[in-house]
Amino acid sequence: MITRLCLIRHGETAWNAGQRIQGQIDVPLSSRGHAQARATANALRGERFAAIHCSDLARARQTAQAIAAVLKLPFVPCASLRERDYGMFQSLTWSEVRSRRPDDWARHAARDEDFDFRGTGESLRAFAARVLEALARILAAHAGDRVLVVTHGGVLDVVHRRATGTRLAAPRDFEIPNAAANWIEVDGDRWSILSWAERGHLGETLDELPG
């Protein structure tokens with residue numbers, strides 16, 4: 001039974017614009033992020049979804065709320081759809097991490113699957129397992145339907161790799177812009193990308209995430 005997911009990265013925050021690492025810190029949308037959320041909602045106006053699921057962090061909830069208001073559907077917040085916990089990196093900018101913690105930055109930049117920020121955060125391997133388990137629950141609950149999921153860049157990174165068979169440790173060669181639409185199709189164990197990083201409804205949008 002084929003299920004389609006439309007996954008949206010939350011709208012922009014001031015921390016995105018400043019390249020400051022949010023992780024699981026609860027940063028709200030900026031004014032531009034709210035405008036992006038409204039633009040995404042209008043772009044999805046003609047679509048039909050069985051449900052809307054979202055991360056419970058404010059930036060994702062606020063994006064989901066704008067879309068839910070247009071689609072006239074409730075949205076279900078879920079902690080398992082949160083961004084990766086970046087531990088000791090959180091609240092720093094990427095340039096601050098590179099200068100203050102060069103060895104830790106090197107492990108992160110190399111996409112070391114077991115690097116958990118020296119025990120303060122979540123390894124890439126554990127994060128991916130959490131994300132895929134959360135999506136498996138959504139897929140089981142909505143088999144054969146179309147579902148909207150509003151989440152974070154790290155989550156979308158995991159999804160793209162699952163759908164393309166790309167290793168977690170491989171460098172990223174695809175975009176993850178704020179408020180863009182990403183469509184995947186799931187048929188049993190087979191995941192495939194229908195379209196990725198749709199952003200014709202947006203003006204400027206960021207992809208500030210390191211590869």
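The values are calculated or read from the model by the stated rules, or taken from the named source; none is laboratory data. Keep in mind the model is a prediction, meaning the values are calculated, not measured. Here Cβ is always computed from backbone atoms with ideal geometry, including for glycine, and neighbour counts include all displayed protein chains. For accessibility, only protein heavy atoms count, side chains too; no ligands or nucleic acids. Shrake-Rupley method; radii C 1.70, N 1.55, O 1.52, S 1.80 Å.
Selection of segment 25-43 for residues being part of a loop (DSSP other than H, G, I, E, B) and out of contact with any helix residue (DSSP H, G or I) (no Cβ under 6 Å at 6 or more places or on another chain) yields only Ile25. Scanning for something closer than 24 Å to Glu47 by Cβ and basic (Lys, Arg), does segment 180-201 turn up at least one residue? Yes; the residues of segment 180-201 include at least one that is closer than 24 Å to Glu47 by Cβ and basic (Lys, Arg). Of all the residues in segment 89-138, those that are closer than 17 Å to Ser55 by Cβ and in contact with a Phe, Trp or Tyr (Cβ under 7 Å, 6 or more places away or on another chain) number 1. Flag: Thr120 matches the condition of being among the β-branched types (Val, Ile, Thr) and either touching a Gly at 6+ places or on another chain (Cβ under 6 Å) or open to solvent by 30 Å² or more (accessible area, probe 1.4 Å) (or both). Among the residues making up segment 173-198, a single one is among the aromatic types (Phe, Trp, Tyr), open to solvent by less than 30 Å² (accessible area, probe 1.4 Å) and under 17 Å from Gly154 (Cβ atoms): Phe174.
Considering the conditions (1) among the hydrophobic types (A, V, I, L, M, F, W, C); (2) open to solvent by less than 40 Å² (accessible area, probe 1.4 Å); (3) not in a helix (DSSP H, G or I), Ala143 is excluded by exactly one of them, (2). Mind listing whichever residues of segment 105-115 are in contact (Cβ under 8 Å) with a residue 12 or more places away in the chain and surrounded by fewer than 18 Cβ atoms within 10 Å (Cβ to Cβ)? Residues satisfying the conditions are Ala109, Ala110, Arg111, Asp112, Glu113. For segment 1-22, the tally of residues that are open to solvent by 10 Å² or more (accessible area, probe 1.4 Å) and assigned to a helix (DSSP H, G or I) stands at 3.
Exactly one residue among Ile25, Ile52 is in contact (Cβ under 8 Å) with a residue 12 or more places away in the chain and open to solvent by less than 10 Å² (accessible area, probe 1.4 Å), and that residue is Ile52.
Looking across segment 32-59, the residues that are touching a Ser or Thr at 6+ places or on another chain (Cβ under 6 Å), within 22 Å of Ala134 (Cβ to Cβ) and small (Gly, Ala, Ser) come down to Ala37, Ser55. Among the residues of segment 79-102, is any closer than 16 Å to Cys6 by Cα, within 15 Å of the chain's Cα centre (by Cα), assigned to a helix (DSSP H, G or I) and modelled with pLDDT of 95 or more? Within segment 79-102 (the criterion being closer than 16 Å to Cys6 by Cα, within 15 Å of the chain's Cα centre (by Cα), assigned to a helix (DSSP H, G or I) and modelled with pLDDT of 95 or more), the answer is yes, since at least one residue qualifies. Per this entry, Pro77 is counted among residues that are in contact with a Cys (Cβ under 8 Å, 6 or more places away or on another chain) and open to solvent by 20 Å² or more (accessible area, probe 1.4 Å). Just give me the residues in segment 127-172 being of a type in the set (S, T, N, Q) and either in contact (Cβ under 8 Å) with a residue 40 or more places away in the chain or on the phi > 0 side of the Ramachandran plot (or both), in sequence order. Residue satisfying the conditions is Thr151 alone.
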